[in-house]
Amino acid sequence: MGHNRNRKKYIDMKTELPGPLARQLLERRMEHIPRGPFNTVPTFAAKGEGALLTDVDGNTFIDLAGAIGSLNAGHCPPKVVEALKQQLDLYLHPCFHVVMYEPYVALAEKLNRITPGSHKKKTFFLNSGAEAVENAVKIARKYTGRRAVISFERGFHGRTYMAMSLTSKVKPYKHGFGPFAPETYRLPYPYYYRAQSGMTPDDVDDQMLSRFEDFFLAEVPGEEVAAVIMEPVQGEGGFVIPSVGFVQGVKALCEKYGIVFIADEVQTGFGRTGKMFAMEHFGVIPDLMTMSKSIAAGLPISAVTGHAEMMEAPGVGEIGGTYGGSPLGCVAALQVIEMIEEERLAERAASIGAAVSERFVLLRQDIGRIGDVRTLGAMSAIELVKYPESKEPDKELTARVLQEAHRRGVIVMGAGLYGNVIRILSPLVITDDQLAEGLDVLEQAVRTCTGGSLAT
């Protein structure tokens, strides 16, 4: 995937950012919407298709952000759009708690089948990833009769109160919003790039897992912990990938103490990492799983799937929500899962990740400011530092690279506890030419902002 100058160009930047129509909308946005909801690119969408997004001023971008990983199936996948149109003519929302509907049952059956493990499972639906996390914790507490919940440093689980309490990054997610939910604790999660000098990954894992045993001695006995919740790859935390040994070690500790193991697959699920679910890479079957984002091509729906006996712990009426498992979300999700399976999008994710890794590992040889390149499937990260020896994070450089990429027509986002990671979450339907053009632009942005430029 080199610099083939004969490729068709997909990016078409007609104006600066923001363009004239976007500026008008930005004025309205600032007048009527609080500053709290952040915006990555200073423009407004007009049309999306696959991995392309055109704004109100006619600028066409290659989208490497995918609505923060919600669009593994791409913008407006035709089969999903058609299924939604058909559903619109039937009914919009009778509310599953009032009058049930078949797509809810069909999607639960599908998730019970495709999630890891051959045991008997049950599933129910909510609106967002944070709601799924909240309810997974409720189920774990109800099932175990315990209260303590353990999450991990740099973990992100959402913005509602329990989810925010489990989330690690203080700013912007938690600052000034306390007090937080009680009986929530955080333990370290391996970050091999930032390990102490001389430590091997095995050394790091041993240290992390021993902290668990120390925690059970010093803070809360294992017999009083209801759940451990883990992202199999940390998303907002910077796409930090643990080893198989670490994940299996945490699961073994959960089994030892009767703790419910919750896999938060909100960002990693539905083909993103090269498997349908990231936990499949680690040989671990979670007790409960939370899912959302790419489940339905951008429609708001989330799910909790788990051991049937655990899912049955709450009584009638103790879990649910008015809009949970909307008919539109369910029919969209059924089409998305079929699309991922039929078009082998998980395999496609692996090839996307290989292309990203090849490009930026090579670039790292030229540019020492690229400290690390991490990829699991199409969940790819480039970590920028001030000096390769000290690995000091460079948040300012990262912001400049992102802005330069946006100016050149590529939508991409940052991440990481230190704000120095560029994360790539392109739709899995992106074509080879689109991916190559997007990576060309991102490479140009890195070179420009670090002093070594490529011709545009």
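Does region 56-66 include one or more residues that are of a type outside the set (A, V, I, L, M) and loosely packed, with under 15 Cβ neighbours inside 10 Å?
Yes: one or more hits.
Give region 402-428 a look and list any residue that's surrounded by 24 or more Cβ atoms within 10 Å (Cβ to Cβ) and assigned to a helix (DSSP H, G or I), or say none.
Selection gives Ala405 alone.
Being part of a strand (DSSP E or B) and modelled with pLDDT of 95 or more is true for just one of Thr54, Thr40. Which residue is that?
From the options Thr54, Thr40, the qualifying one is Thr54.
Which residue pairs have Cβ atoms closer than 6 Å, lie 6 or more positions apart in sequence or on different chains, and pair a first residue in region 245-266 that is closer than 25 Å to Ser294 by Cβ with a second residue that is at pLDDT 95 or above and basic (Lys, Arg)?
If the second residue must be at pLDDT 95 or above and basic (Lys, Arg), the pairs left are Phe261/Lys251; Val266/Lys293.
Identify all residues within region 298-347 that are among the basic types (Lys, Arg) and more than 23 Å from the chain's Cα centre (by Cα); write none if there are none.
none
From the list Phe177, Phe124, Phe156, pick out the single residue that is more than 19 Å from Gly324 (Cα to Cα) and touching a residue at least 24 places away in the same chain (Cβ under 8 Å).
None of the others qualify; the one that does is Phe156.
Quick one: which residue in Gly271, Gly298, Gly237, Gly283 is outside any helix (DSSP H, G or I) and crowded, with 24+ Cβ neighbours inside 10 Å?
Selected residue: Gly271, the only one of Gly271, Gly298, Gly237, Gly283 that is outside any helix (DSSP H, G or I) and crowded, with 24+ Cβ neighbours inside 10 Å.
Just need a number here: residues in region 442-456 that are closer than 22 Å to Arg374 by Cβ and surrounded by fewer than 24 Cβ atoms within 10 Å (Cβ to Cβ).
Matching residues across region 442-456 total 5.
Find the residue count for region 85-144, including only residues that are more than 19 Å from Ile259 (Cα to Cα) and assigned to a helix (DSSP H, G or I).
The total comes to 20.
Among the numbered criteria (1) modelled with pLDDT of 95 or more; (2) crowded, with 19+ Cβ neighbours inside 10 Å; (3) not in a strand (DSSP E or B); (4) not polar (S, T, N, Q), which one does Ala252 miss?
Going through the list (1) modelled with pLDDT of 95 or more; (2) crowded, with 19+ Cβ neighbours inside 10 Å; (3) not in a strand (DSSP E or B); (4) not polar (S, T, N, Q), Ala252 breaks only (2).
The values are calculated or read from the model by the stated rules, or taken from the named source; none is laboratory data. Bear in mind the structure is a predicted one, so any value in this text is a computation, not a measurement. Positions of Cβ are generated from backbone atoms using ideal geometry, with glycine treated the same way; all protein chains shown enter the neighbour counts.
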